[in-house]
Amino acid sequence: MKRTLVILLRNPLSAFGVLLVATVVLSALLADVIVPFPEHRGAVVDFANFNQPPSAQHPMGTDLVGRDLFSRIVYAYRISLLLGVVVLAIAVPIGVTVGLVAGYLGGRVEYVLMRLTDVFLSIPPLVLAMSIMGVLEPTLINGMLAVTAMWWPWYARLVYNLTRAEREEGYVLAAEVLGAGRVWVMFREILPNCVPSIVTKMTLDLGFVILIASSLSFLGLGVQPPTPDLGSMVADGATYLPDSWWLTVFPGLAILLAVFGFNLVGDALREILGADQ
Amino acid sequence: MTDAPTLLLRDLRLAFRGYTGVTEVLHGISLHIRAGERVALVGESGSGKSVTARIVLGLLQDQRGARITGQVRVEGRDLAAMSRRARVALRGRRMSMIFQDPTSALNPVYRIGTQFTEVLRRADPAITERAARARAAALLDEVAIHDPARVLDAYAFQLSGGMNQRVMIAMALANNPALLIADEPGTALDVTVQAQTLGLMRRMVADHGAAVLFISHNLGVVREFADRVYVIYKGRIVEHGPTAALFDTPRHAYTRALMAAVPRITGGGIPDLPERDDAFAAPMELHPGVAEPEAT
Amino acid sequence: MATPFLSIEGVRRVFGSGAGEVVALDGVSLQVARGECLAVVGESGSGKTTLANLILGIYPPSAGRIMLDGAELPARRRIEHRRAIQLVQQNPLSALNPRRSVGASLRLALDVHAIGPRAGRDAHVRRLLEEVGLPGEFARRAPAALSGGQRQRVAIARALACEAPLLVLDEPTSALDVLVQARVLRLLDDLRRQRGLTYVFITHDLSVVRNVADRVAVFERGRLLETGPVAQLFAAPAHAYTRSLIAAVPVVTPEEDALRARIAQGGPAS
């Protein structure tokens with residue numbers, strides 16, 4: 001763990017990624033402290049200051065009802081990260097279990113589980129999420145549900161392939177010969193050897209979940225106002241380009257930096273943890 | 001420079017730079033192989049025998065973090081003084097290699113014939129498809145493959161390990177290289193096939209006039225194949241001598257331990273030997289009649 | 001031989017079905033006495049690995065039966081059968097879980113079979129390591145920090161942990177350097193004598209067989225060609241195939257050359 005961090009920080013590119021991720025995560029956690037106008041995350045109206053360009057008081061300008069954009073972006077990070085963490089916290093255990101069971105047991109179980117996975121994978125993710133959101137109320141909870149439904153199959157595929165490879169390793173045979181049960185072999189022998197790949201993918205995916213969530217709200221299907229969301233901010237501001245450029249540029253930049261940061265760290269982790277094996 | 005040895009290593013050192021600093025892997029290896037000679041470099045895993053082969057092939061010179069000093073001369077030409085391109089041009093023409101596992105050394109997506117043509121084109125870019133095929137068939141016939149048409153149209157995975165090994169030998173000698181490097185050839189094969197391969201290789205290198213650097217951990221195989229033997233231990237040559245003399249009267253403590261550790265088919269049990277011994281670090285033992293050539 | 005400890009009776013194993021059917025082993029009958037080391041010799045495709053897997057219960061025989069100490073081993077092995085038959089594999093690199101310490105790998109064996117009081121198991125792990133010639137502190141190390149020979153010793157310790165009377169040794173030293181091989185072979189030999197273990201030693205290396213086995217079974221293409229005491233088999237092999245195997249062994253002394261030459265000519269070995 002410590003060694004991983006040292007290597008991460010030694011490479012300039014991955015160190016930059018760590019910096020970006022740290023900034024995003026810390027600002028989301030400490031939003032109440034660092035933000036100049038905490039109340040602006042809600043339905044506040046300040047017509048005296050509406051649609052102002054960046055200034056000393058509002059470093060990223062204000063939106064169409066006069067709310068501080070910087071404050072809203074920081075709160076939007078909090079929502080996006082929460083979404084990402086919850087989605088992965090549900091999708092990863094499901095996907096990992098499906099992949100492990102299918103890959104280790106094989107036979108009919110493998111056939112049923114992996115065909116089910118294929119069905120989910122064959123639907124374009126945005127379409128699946130849009131149809132779920134269309135049927136259900138477009139709330140934050142349903143948004144998480146929609147994104148989760150399209151995320152677990154990727155983990156099932158990943159872990160399935162890893163498990164198939166690990167199953168041939170001598171230590172798996174050794175545990176079986178020793179008399180260890182199937183559940184033990186799957187979760188205590190094989191799973192720990194898949195963890196580096198899973199962690200790497202999770203890091204990359206935090207960025208993608210933010211992106212997908214933003215796309216959904218850009219289409220008006222995600223987080224609903226007045227809750228701040230990067231995607232809907234970009235969407236709302238797009239009408240006022242190029243004059244009120246700050247309305248789109250700053251939320252857009254915020255998405256870019258977060259996704260970029262998670263990707264840099266994910267790529268670096270892939271190399272570091274992959275080389276460990 | 002007609003009397004220059006086919007391969008000459010003088011005080012070859014190799015170090016790798018890593019996170020923990022610089023680790024020296026080869027501590028000054030000197031060896032030579034004259035035209036047509038079969039010379040073995042024998043040692044255990046981690047002794048440095050395989051990296052030596054990779055340096056001779058020019059594969060390590062461009063790797064970041066690898067620091068190589070000392071001389072590597074192939075037919076009198078210093079590899080370090082050559083351009084990268086010139087080094088690459090040596091491979092497949094003046095020197096070639098036979099690998100441990102023949103089946104994985106052949107590309108599974110191309111037919112044997114296609115790969116053979118590629119090999120022949122390295123020496124003669126103008127060779128026609130038909131001429132290449134005829135030449136390949138003749139070479140396969142030399143390695144006792146008497147239905148070359150079938151083999152040339154096959155993929156490596158369709159042939160047995162022994163068959164692939166013969167194909168590899170034929171390919172390696174197709175351009176009449178001056179030096180053949182054999183890295184644990186046949187270790188991945190069954191003993192009976194391994195024995196046939198060894199006999200075949202001996203005949204082929206004699207016919208094609210190639211010198212051989214034979215890298216192995218198997219003393220029995222070395223004894224059967226080589227004229228001269230260098231024993232390498234932890235990046236140093238510890239003993240050098242003609243095969244018969246070295247096997248008859250091993251002089252260095254390490255060689256003696258290695259020799260004693262080989263189980264005998266005449267029985268006698270497994271001897272009680274240390275895995276490590278301070279005596280293994282003793283200076284090199286040289287048998288009469290062998291010496292490194294004078295510096296030029 | 002009174003009651004053989006391990007008895008393989010008319011065993012056949014087929015893989016696949018229909019046109020893709022492959023007979024890996026056919027009509028094999030073999031007995032191993034308690035405390036004996038039986039070498040199973042053959043080249044790739046001989047069926048020796050299939051035999052090992054059948055004994056271990058990785059898959060059941062298609063026909064015939066396998067008896068241990070007079071009782072037939074069922075197709076679905078129970079936990080006590082697992083405990084009785086243990087395995088040492090060829091590749092020490094993959095035989096230990098890389099994500100788990102050496103001690104944890106050994107603990108698994110003790111935990112699965114509830115061997116000894118729970119509180120004493122860590123001490124037990126250290127004793128096992130010492131029994132195979134490793135320091136007890138190695139329990140805390142990761143497999144990656146061990147050499148090939150050390151890992152193979154850990155794998156042997158794991159097999160001992162179950163107190164299994166029968167070990168299947170699947171090419172246990174063929175991935176090791178010759179000096180390390182000698183140490184590990186001696187260890188296996190000592191353990192067999194001290195603990196009265198029975199070995200099924202699977203290998204392609206006849207020079208190892210000559211020095212560690214009591215009896216030899218030669219396999220070719222799924223069939224048992226011949227069995228016999230090791231001295232007899234090397235003095236006068238009955239089968240041409242066995243002779244060709246012995247004649248192909250690379251050797252290091254003139255005495256061995258002479259033996260090989262005599263056997264290759266089909267004559268008696270003096």
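What follows is calculated from the coordinates using simple rules that are stated; it is not laboratory data. Since the model is a prediction, treat every value here as computed from it, not as a measurement. Counting neighbours? That spans all protein chains shown, and the Cβs are built from the backbone with ideal geometry, glycine included.
For this structure, a couple of remarks:
- Percent of Cα-Cα distances greater than 16 Å, calculated over region A:1-54: 63 percent
- GNM flexibility winner over chain B from B:Ser47, B:Ser96, B:Ser104 (Cα, springs under 10 Å): B:Ser104
- Contact order normalised by residue count of chain B, Cα under 8 Å, 6+ apart, percent: 23 percent
- Chain B - mean residue ellipticity at 222 nm from DSSP helices (-39,500 (n - 2.57) per run, n ≥ 4, rounded to 500): -10000 deg cm²/dmol
- Volume of the convex hull of region B:232-289 (Cα atoms only), normalised per residue: 89 Å³.
- 23 Å tail of the calculated P(r), chain C, as % of Cα pairs: 55 percent
- A Förster radius of 51 Å combined with the Cβ-Cβ distance from C:Glu226 to A:Val109 puts the calculated FRET efficiency at roughly 0.70.
- For region C:170-230 and region C:240-254, distance of Cα centres in Å: 17 Å
- Cβ crowding within 10 Å, taken as a proxy for footprinting-reagent exposure, orders C:Leu191, A:Leu88 from fewest neighbours to most as C:Leu191, A:Leu88.
- Taking the longest Cα principal axis of chain B as reference, the axis of helix B:161-172 is set at about 90 degrees.
- Phi to ³J(HN,Hα) by Karplus 6.51 cos²θ - 1.76 cosθ + 1.60 over region A:209-219, Hz, x for Gly, Pro: 4, 4, 5, 5, 4, 5, 4, 4, 6, 4, 7
- Two-decimal log10 I(q)/I(0) for region B:1-152, as the Debye equation yields it once each C-alpha is a single scatterer, q = 0.13, 0.14, 0.16 Å⁻¹: -0.77, -0.87, -1.04
- For region A:147-214 and region A:39-100, distance of Cα centres in Å: 32 Å
- Note that chain B shows a convex hull volume over its alpha carbon atoms of 155 Å³ per residue.
- Percent of beta bridges antiparallel (DSSP, chain C, rounded to nearest 5): 55 percent
- Ranking of A:Trp152, A:Trp184, A:Trp245 by count of other Cβ atoms within 10 Å, fewest first: A:Trp245, A:Trp184, A:Trp152
- Spatial offset of region B:248-296 relative to region C:55-127 amounts to 40 Å, using the alpha carbon center of each.
- Cα convex hull of region A:14-84, projected area averaged across orientations, nm²: 5.4 nm²
- Counting Cβ atoms of other protein chains within 10 Å of each residue's Cβ and taking the mean over peptide B:268-274 gives 5.
- For chain B, the longest principal axis of the C-alpha atoms and the axis of helix B:191-208 are separated by about 80°.
- Rounded to whole Å, the principal axis extents of the Cα atoms in region C:102-223 read 48, 28, 27, largest first.
- Chain A, helix-only ellipticity at 222 nm - DSSP H runs n ≥ 4, -39,500 (n - 2.57), divided by all residues, nearest 500: -24500 deg cm²/dmol
- A cut-off of 5 Å between modelled amide H atoms, ignoring neighbours fewer than 5 places along the same chain, links B:Val212 with B:Glu37, B:Arg38, B:Val39, B:Leu180.
- Cut-off under 5 Å, modelled amide H: who pairs with A:Leu64 long-range: A:Asn51
- What the Cα atoms of region B:1-58 give is an Rg and a Dmax of 13.4, 45 Å.
- Among B:Gln63, B:Gln194, B:Gln115: highest mean-square fluctuation, GNM of chain B, C-alpha pairs under 10 Å: B:Gln63
- Working ranking of peptides A:95-108, A:42-55 by packing, defined as the average number of other Cβ atoms within 10 Å per residue, highest first, is A:95-108, A:42-55.
- Each residue in A:Leu5, B:Leu286, B:Leu14 was given a count of other beta-carbon atoms within 10 angstrom of its own, and listing them fewest first yields A:Leu5, B:Leu286, B:Leu14.
- Antiparallel DSSP beta bridges within the protein assembly as shown, as percent of all bridges there, nearest 5: 55 percent
- If the convex hull is drawn through the Cα atoms of the protein assembly as shown, its volume per residue in Å³: 229 Å³
- Degrees, to the nearest 10: A:140-166 long Cα axis against longest axis of chain A: 30 degrees
- Vicinal HN-Hα couplings computed from phi for region C:187-196 (Karplus, 6.51 cos²θ - 1.76 cosθ + 1.60; Hz; Gly/Pro x): 4, 4, 5, 4, 4, 4, 5, 5, 9, x
- Within a Gaussian network of chain B (alpha carbon springs, distance under 10 Å), most fluctuating of B:Thr249, B:Thr187, B:Thr103: B:Thr249
- One quarter of the surface of the convex hull around the alpha-carbon atoms of region C:202-270 equals 4.4 nm², the direction-averaged projected area.
- Hydrodynamic radius (Kirkwood) for region B:88-227, which is based on Cα pairs only, to one decimal in Å: 15.0 Å
- 10 Å Cβ neighbours from other chains, averaged over peptide C:176-189: 6
- Rg to Rh quotient for region C:68-171, alpha carbon positions, Kirkwood Rh: 0.98
- Cα point-scatterer Debye curve for chain A, base-10 log of I(q)/I(0) at q = 0.10, 0.17 Å⁻¹: -0.61, -1.28
- Under 10 Å, Cβ to Cβ, from C:Thr49 - net charge with Lys/Arg +1 and Asp/Glu -1: -1
- The mean number of Cβ atoms from other chains found within 10 Å of a Cβ in peptide C:243-251 is 6, as a whole number.
- Evaluated over region A:178-277, the Cα radius of gyration and Dmax, each in Å: 19.8, 72
- More than 19 angstrom apart: percent of Cα pairs within region C:156-220: 28 percent
- 17 Å cut-off, amide nitrogen to a point 7 angstrom out along B:Ala291 Cα→Cβ, residues in region B:216-253: B:240-242
- The phi-based Karplus calculation (6.51 cos²θ - 1.76 cosθ + 1.60; θ = phi - 60°) puts the 3J(HN,Hα) values of region A:87-100 at 4, 5, 5, 8, 5, 5, x, 5, x, 5, 5, 4, x, 4 Hz, whole numbers, x for Gly and Pro.
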